[in-house]
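Visitor: Following this message is one structure expressed as structure tokens.
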Amino acid sequence: MAGRIPAVHHNIVLDSINEGVFTVDLNWTLQGLNAAAEKITGRTREWARGRKCFDLFQSRLCGEDCPIRQTLTTGEPVVNRRTYILNAKEECVPVRISTAVLHDAEGRTIGGVETFQDLSEVEKLCRELKSHYTFDDIVGRSPAMQHIFETLPLVAKSDSTVLIEGESGTGKELFARTLHNRSRRCRGQFVPVNCAALPDTLLESEFFGYEPGAFTDAKRSRSGRFELAHCGSIFLDEIGDISQALQVRLLRVLQERSVEPLGSEKSRNIDVRVIVATNQNLKNLVEQGLFRRDLYYRIRVIKLRIPPLRERRDDIPLLIDHFINKFNQLQDKDIAGVTDSVMNRLTEYDYPGNVRELENIVERAFVFCQGALIEMRHLPSELRDTQSRNLLGDKQGLTLKEMERALITRALQINKGHRKNSARTLGINPSTLYRKMKALEIDSFAYWQD
Ligand SMILES: Nc1ncnc2c1ncn2[C@@H]1O[C@H](COP(=O)(O)OP(=O)(O)OP(=O)(O)O)[C@@H](O)[C@H]1O
């Protein structure tokens, strides 16, 4: 008969695996580490003796959110939770951890075991892969974005005026900033001006500045945005909204590279790169006589068109990831991603507000999401609504009452009998749902599933 494997052999087995393993007693005192745990944490078994597991990990999960505490409290294992630990050199190490309860021969709980994998290499590879899909802060893997990434360094190097066209929220200002940061002017200022935000008279003094007495309130002189941008770049957003009179003045500035503050007769030379943006079709405005043709040709020396997000859906998963990372850092959270159904919904949605809208959707979900993944119920109702729209399926030609019954029972089926979630799917108050269910004699327990 084969004998039992001696304990010392268990240690050899534990030391031969790549995953870090440690065990703790019920007071979180470390009982042992394997060789991989020593390597990943940079701590020795001698150091660990008598210390607590939170001394070893110093992770943001330590404390209330501690996985091993959860396991010891609930008896349930935690599987593949991602977090960061601090190693002996105080470096952040990304890890994926799992936990389980340890029992003695009589089945009594005597402590817990935690296994953890070092994800540094995996993250490094991901970063390398991602670097192909990013240009500074701009993310994109669609062919359209990859093409823009190729041209951006060349455009940044030149000093020519650039026209960026794209719907609102496509990232025009982000591109303009990137062009500035990558140019020889990066030490100068990047000065944005939203031409649609100010009335014409104010915009003129904003552009060119003024001298005392130029108008009633002008007590002192003030530099305009063009002067502020001297040796840097000026970004004129919503250029299609400026008046004809201002278009004439702007054309002169671009031709002569000098500005004349209001109330002054002397012009000042300026060395500025001009980047303009519009969410309108400037060519159409020219055809309609609303935008000067000569100014149009002066500003469209180089034209970049940023497609709306619905025309480059390949970018959506990457952008979601980008914004999740951004908000994890800003809000010190640890959200790992979105569920499959959320990903499907977010990649099929049309985004009238483009990337800004997607960013807002993720930011909003961060407010409501308490777990590791963003779920359907964390999305705004207009995104969840398709679920209600699809609820009826092909049940046309029903009476209003029958339709209500069909909708409610379908919502209960989808939400496994959960009345609050069903109310959310239907876009009504839980109390309204309870009332309707009572009137229609629908029993939610019939749909209840674990
Ligand atoms: N490709 C991208 N990668 C990462 N972030 C992006 C990208 N495109 C846009 N964003 C982000 O989306 C938000 C909106 O972008 P931005 O303000 O540049 O848009 P815009 O086209 O200038 O909008 P508007 O026309 O309304 O002024 C910003 O927070 C920006 O950082």
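The values are calculated or read from the model by the stated rules, or taken from the named source; none is laboratory data. Values in this document were obtained by computation on a predicted structure and should not be read as measured data. Cβ atoms come from the backbone with ideal geometry, glycine included; neighbour counts cover every protein chain shown.
Visitor: Restricting the search to region 29-58, which residues are exposed (fewer than 14 other Cβ atoms within 10 Å of the Cβ) and in a loop (DSSP other than H, G, I, E, B)?
Guide: THR44, ARG49, GLY50, ARG51, listed by residue number.
Visitor: It is to be established whether one or more residues within region 271-282 are part of a loop (DSSP other than H, G, I, E, B), of a type in the set (A, V, I, L, M, F, W, C) and away from the ligand (no atom under 16 Å from the Cβ).
Guide: yes
Visitor: Could you tell me how many of the residues in region 347-370 are away from the ligand (no atom under 15 Å from the Cβ) and in a helix (DSSP H, G or I)?
Guide: Within region 347-370, residues that are away from the ligand (no atom under 15 Å from the Cβ) and in a helix (DSSP H, G or I) number 5.
Visitor: Which of the residues spanning region 82-138 are of a type outside the set (Asp, Glu), in a loop (DSSP other than H, G, I, E, B) and in contact (Cβ under 8 Å) with a residue 24 or more places away in the chain?
Guide: ASN87, ALA88, LYS89, LEU119, TYR133
Visitor: Report whether or not PRO317 is out of contact with any Phe, Trp or Tyr (no Cβ under 8 Å at 6 or more places or on another chain), within 30 Å of SER131 (Cα to Cα) and part of a helix (DSSP H, G or I).
Guide: yes
Visitor: May I pose another question? Given the residues LEU72, LEU26, LEU61, which is the only one that is crowded, with 16+ Cβ neighbours inside 10 Å, touching a residue at least 40 places away in the same chain (Cβ under 8 Å), outside the structural domain of ALA372 (by TED's automatic domain parsing) and assigned to a loop (DSSP other than H, G, I, E, B)?
Guide: LEU61
Visitor: Something else about it: If you check GLY188 against the conditions, is it on the phi > 0 side of the Ramachandran plot and surrounded by 15 or more Cβ atoms within 10 Å (Cβ to Cβ)?
Guide: The answer is no for GLY188.
Visitor: Something else about it: Against the definition (more than 16 Å from the ligand (Cβ to nearest atom), more than 36 Å from the chain's Cα centre (by Cα) and either within 30 Å of ASP137 (Cβ to Cβ) or not hydroxyl-bearing (Ser, Thr, Tyr) (or both)), how does VAL301 come out, yes or no?
Guide: In short, no.
Visitor: Further, regarding this structure: What is the one condition in (1) touching a residue at least 12 places away in the same chain (Cβ under 8 Å); (2) more than 14 Å from the ligand (Cβ to nearest atom); (3) under 30 Å from PRO143 (Cα atoms) that ARG313 does not satisfy?
Guide: Checking ARG313 against (1) touching a residue at least 12 places away in the same chain (Cβ under 8 Å); (2) more than 14 Å from the ligand (Cβ to nearest atom); (3) under 30 Å from PRO143 (Cα atoms), the one that fails is (2).
Visitor: Condition first: out of contact with any strand residue (DSSP E or B) (no Cβ under 8 Å at 6 or more places or on another chain) and within 13 Å of the ligand (Cβ to nearest atom). Now tell me which residues in region 155-179 satisfy that.
Guide: GLU167, SER168, GLY169, THR170, listed by residue number.
Visitor: What is the one condition in (1) assigned to a loop (DSSP other than H, G, I, E, B); (2) surrounded by 14 or more Cβ atoms within 10 Å (Cβ to Cβ) that GLU265 does not satisfy?
Guide: (2)
Visitor: For SER233, state whether it is touching a strand residue (DSSP E or B) at 6+ places or on another chain (Cβ under 8 Å), assigned by TED's automatic domain parsing to the domain that holds GLU150 and without any contact (Cβ under 8 Å) to a residue 24 or more places away in the chain.
Guide: Against the criterion (touching a strand residue (DSSP E or B) at 6+ places or on another chain (Cβ under 8 Å), assigned by TED's automatic domain parsing to the domain that holds GLU150 and without any contact (Cβ under 8 Å) to a residue 24 or more places away in the chain), SER233 does not qualify.
Visitor: Residues of region 128-154 being more than 12 Å from the ligand (Cβ to nearest atom) and either crowded, with 19+ Cβ neighbours inside 10 Å or over 17 Å from the mean Cα position of the chain (by Cα) (or both), which ones?
Guide: Residues satisfying the conditions are GLU128, LEU129, HIS132, PRO143, HIS147, GLU150, THR151, PRO153, LEU154.
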